[in-house]
1. Given the criterion open to solvent by 10 Å² or more (accessible area, probe 1.4 Å), farther than 25 Å from Q211 by Cβ, away from the ligand (no atom under 16 Å from the Cβ) and touching a residue at least 24 places away in the same chain (Cβ under 8 Å), identify the matching residue among K110, K74, K82.
2. Check the range 304-312 and report whether any residue there is within 19 Å of the chain's Cα centre (by Cα) and either open to solvent by 50 Å² or more (accessible area, probe 1.4 Å) or closer than 26 Å to V195 by Cβ (or both).
3. Whether any residue in the range 36-46 is open to solvent by 20 Å² or more (accessible area, probe 1.4 Å) and among the aromatic types (F, W, Y) is what I want to check.
4. Which of the residues belonging to the range 115-150 are under 16 Å from the mean Cα position of the chain (by Cα) and either outside the structural domain of A101 (by TED's automatic domain parsing) or polar (S, T, N, Q) (or both)?
5. With the condition kept exactly as written, say whether any residue in the range 98-106 is closer than 23 Å to Q212 by Cα and surrounded by fewer than 21 Cβ atoms within 10 Å (Cβ to Cβ).
6. Quick test of your reading of the structure: N145 fulfils all but one of (1) away from the ligand (no atom under 16 Å from the Cβ); (2) open to solvent by 10 Å² or more (accessible area, probe 1.4 Å); (3) in contact (Cβ under 8 Å) with a residue 12 or more places away in the chain. Name the failing condition by number.
7. Just for the range 350-359: of the residues that are open to solvent by 10 Å² or more (accessible area, probe 1.4 Å) and out of contact with any His (no Cβ under 9 Å at 6 or more places or on another chain), which one is nearest to the ligand (Cβ to nearest atom)?
8. Which condition from (1) within 14 Å of the ligand (Cβ to nearest atom); (2) within 16 Å of A187 (Cβ to Cβ) is the one that P127 breaks?
Amino acid sequence: MLNIDKIREDFPILKRTVHGKPLVYFDNAATSQTPQIVIDTIVDYYSNYNSNIHRGVHTLSQEATDKYEEARIKVQKHINAKETYEIILTAGTTHSINIVAAGFESLLHKGDELIVSALEHHSNIVPWQMLCEKTGAILKVIPMNDEGSLDMETYHQLLNENTKLVFCNHVSNALGTVNPIEEIIEAAHKVGAAVLIDGAQATPHIKPDVQQLNADFYVASAHKLCGPTGVGFLYGKKEWLEKLPPYQGGGEMIATVSFKKTTYAGLPHKFEAGTPNICGGIAFGAALDYMNSVGFDHIAAYEDELLKYGTEELLKIEGLKIYGTSAKKTAVISFNIDGVHPYDMGAILDKLGIAVRTGHHCAQPIMDFYKIPGTVRASFSFYNTKEEIDVLVAGVKRAKMMLL
Ligand SMILES: *Cc1c(COP(=O)(O)O)cnc(C)c1O
């Protein structure tokens, strides 16, 4: 059991008010809030050992390098990667996906096939479309059904010997659907295709085991799991990371440079050109420690309770429809009220201190599927409470009265 009152004390932002009302933060799928221990880590870095890493012999540089490399090990342990050098620290999910997409440019040929799921965030669609334009590869889509789950029968039919890559999110950010990635990975491997899993929305709730999943690539962002923005990771199996060319040229990613020929550094530095987000990486490590101290089993069980309660209470409102009703989902509730534009609902909820996301949630194909402009999305985290859900439900009722 989690002591939620005590956990809430860890998040200073939860004490603030918005428009004179206590903040109810239900936009966790866009970014999570930051516990004091992560804020302290950031302050400590800039107060005590700010310096560039991997370059200096001086004490500060060594301290920063040690802490940054410790963070890499924390990510490795957290997702159970076999080797530390299989963890590339990046600017986040989007950056990680672009590194892989750019790398595949030299490996693909005209007519090769890539498979994407219908439930993807734009950042797991657009880089692949750009790659297809450059290489002549063809993008195929695993369709979705009404409840917001993937049509796996069609997926199996799409796979063939031309399939080179499959990419899918572990959890959909717009609907909360948990996708059957084990099955997706296993089937792709049978035809020799590599699989990239976008874990941006799964990692706040689930501790992934990349070896057990047998994922070729797994990517996520720190800012959705209590860490800072602008940092994340790309996990890649050693074989794949060795096969892919570097993404950017610059300092840190080289072994030797001359005007005749430059040789590249080994993993992970080959993919880490330039000065990274040092403070962010270290703070990411602190965020993982914090999340693990709360415990992912406890987090998942409690968030599930919130999801159940929120779903039941919201469905009592007449005219309210929930999008994404898969049996396996995380604590995300995407909904609309008949005749109410999601933006208007969101604006009124904000006046009541309630932060929700409105719009297409960077997943326009899903909105097109349902033929809606967008949804109101309430996404819960382990520091939220049932009382806050009551505030949301009352707010939605009030907004409905004002708007209809
Ligand atoms: C948030 C999110 C992204 C993008 O993450 P960034 O941190 O903005 O790069 C990609 N995919 C999913 C499923 C997400 O939820």
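The values are calculated or read from the model by the stated rules, or taken from the named source; none is laboratory data. Predicted model, so just to flag it, every value in this text is computed and none were measured. Cβ: placed from backbone, ideal geometry, glycine included. Neighbour counts: every protein chain shown. We work out accessible area using only protein heavy atoms, side chains counted, and drop any ligands, DNA or RNA first. Shrake-Rupley method; radii C 1.70, N 1.55, O 1.52, S 1.80 Å.
1. K110
2. yes
3. yes
4. Across the range 115-150, the qualifying residues are S117, S123, N124.
5. Within the range 98-106, none of the residues are closer than 23 Å to Q212 by Cα and surrounded by fewer than 21 Cβ atoms within 10 Å (Cβ to Cβ).
6. Of (1) away from the ligand (no atom under 16 Å from the Cβ); (2) open to solvent by 10 Å² or more (accessible area, probe 1.4 Å); (3) in contact (Cβ under 8 Å) with a residue 12 or more places away in the chain, only one is false for N145: (3).
7. Only one residue fits best here, namely R357.
8. Failed condition: (2).
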